[in-house]
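Worksheet: one structure, shown below.
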Amino acid sequence: MKHKINISKIMLDNAEINAILQVLKSGQLTQGEKVLEFEELFAKYIGVKYTVAVNSGTAALHCACWAVGLKEGDEVITSPFTFAASANCILMCGAKVIFTDIEEETFNIDPYSIKQKITKNTKAIIPIDLYGQPYKFDETNKIAKENNLTIIEDACQAIGAGYQQLKTGKLGKVGCFSFYATKNLMTGEGGMLVTDDKNIADKARLFRNHGQKERQRYQYLALGFNYRMKETEAVLGIEQLKKIDQLNKMRINNANFLLNNLKNIKGLILPEIIKGNYHVFHQFTIRITKDFKITRDQFIVYLKSKNINCGIYYPQPIHLSPHFKKYGYQKGDFPVAEKISQEVVSIPVHPYLTKKDLDYIVKTIKSI
Ligand SMILES: *Cc1c(COP(=O)(O)O)cnc(C)c1O
């Protein structure tokens, strides 16, 4: 096979390109009517009262941490097996990051290990809906409730996913989405904070725009950043929202095909779906363990030689990066996260894979 199968593919349809062209001709390039419309449609889609559009998932997380009032001396519990933004937002507010280990079946934060990390200073938990699968809602939210902790849900990878009747973003007190170019719903860069709490939404809105009240420029009511979204991103978001359920369904169909056809391979562990969860497969992440024929890294090189590109999300748990290490974290602190980071490999599952691509991926893996 000559053509390359990539881990993600970005395709804009004509409606999306036309919508962007209309904005370019309109003279209103940043946060205006289209951002407002996107916020309203997004609120309807998730089923929340308030939405605040921002220019990245990181910005949404930072706004959320700020709006719930995190400050110096506060502790926030999160996973070391995620993208750095999930924990960096805590540091940005001057609070302390308390990592805890993950479960190897779900790659998500282990609810029972959260319990052991709670102190009188603990204020919040940031669970991540990693790879598109909601975190363990029942157990985690019970612990949060019993200990009066705020849940900030990092739903950046999981738009359209859910647990029972609840959509991701709504599982905690405040939810954060990313519309980065390779996310399930994408606007190039972009993000959204969602909540049912008016106070949090109001604070986030101020924080997004240097503390200025809407339509009252240069009256600075609080500290803030420039986290405004562009109109070109908003119209892309509006168009993407129309097709997100369909795009997610295509990912799920691809995932089901891979789940069915890669069963019973020694040393290859397939992703598990927690009961009650609707998993939208931002990534299809398998584990190549020591019982497999070749190592994880050899597996990736082999697939690459066959024109299939894979990804490692994430090759190193974040507690081992220098800016967290200096708080005293070290190798051996989170054995599950550290082991899993050596085993995971994400194989293509994106909506634009053809039946031929999928057959070829399965055949290539089986040939090992
Ligand atoms: C993508 C992502 C983010 C950050 O989003 P950006 O839009 O890139 O700032 C945060 N957390 C997780 C888990 C993500 O995957």
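The values are calculated or read from the model by the stated rules, or taken from the named source; none is laboratory data. Being a predicted model, the structure only gives us computed values, none of them experimental. Note that each Cβ is placed from the backbone with ideal geometry, even for glycine, and that neighbours are counted across all protein chains shown. These area figures cover heavy atoms from the full protein model, side chains too; ligands, DNA and RNA do not enter into them. Shrake-Rupley method; radii C 1.70, N 1.55, O 1.52, S 1.80 Å.
At-a-glance table
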| read-out | value |
| --- | --- |
| Of residues in region 36-56 being closer than 21 Å to Lys242 by Cβ, within 16 Å of the ligand (Cβ to nearest atom) and not aromatic (Phe, Trp, Tyr), the one surrounded by the most Cβ atoms within 10 Å (Cβ to Cβ) | Ala53 |
| Residue list for region 347-368, filter: of a type outside the set (A, V, I, L, M) and farther than 16 Å from Lys306 by Cα | His350, Pro351, Tyr352, Thr354, Lys355 |
| Hits in region 137-167 (condition: at negative phi, within 16 Å of the ligand (Cβ to nearest atom) and touching a residue at least 60 places away in the same chain (Cβ under 8 Å)) | Ile152, Asp154, Cys156, Gln157, Ala158, Ile159, Ala161 |
| Among the residues listed as Ile77, Ile126, Ile102, Ile109, the single one being farther than 20 Å from Gly332 by Cα, touching a helix residue (DSSP H, G or I) at 6+ places or on another chain (Cβ under 8 Å) and within 16 Å of the ligand (Cβ to nearest atom) | Ile126 |
| Any hit, region 275-286, residues being open to solvent by less than 70 Å² (accessible area, probe 1.4 Å) and over 30 Å from Lys167 (Cα atoms) | no |
| Strands (runs of 3 or more DSSP E) completely within region 1-101 that count 2 or more residues being closer than 23 Å to Ile143 by Cβ and not aliphatic (A, V, I, L, M) | 75-78, 96-99 |
| Hits in region 87-112 (condition: among the polar types (S, T, N, Q) and either out of contact with any strand residue (DSSP E or B) (no Cβ under 9 Å at 6 or more places or on another chain) or at pLDDT below 95 (or both)) | Thr106, Asn108 |
| All positions within region 78-130 that are polar (S, T, N, Q), in contact (Cβ under 8 Å) with a residue 40 or more places away in the chain and over 24 Å from Ser178 (Cα atoms) | Thr119, Asn121, Thr122 |
| Qualifying position, being at pLDDT below 95 and either within 16 Å of the ligand (Cβ to nearest atom) or open to solvent by 20 Å² or more (accessible area, probe 1.4 Å) (or both), among Lys25, Lys2 | Lys2 |
| Options Lys198, Lys213, Lys249, Lys263; residue that is of a type in the set (Lys, Arg) and touching a residue at least 12 places away in the same chain (Cβ under 8 Å) | Lys198 |
| Region 344-368, residues that are buried (at least 20 other Cβ atoms within 10 Å of the Cβ) and either in a helix (DSSP H, G or I) or aromatic (Phe, Trp, Tyr) (or both) | Ile361, Ile365 |
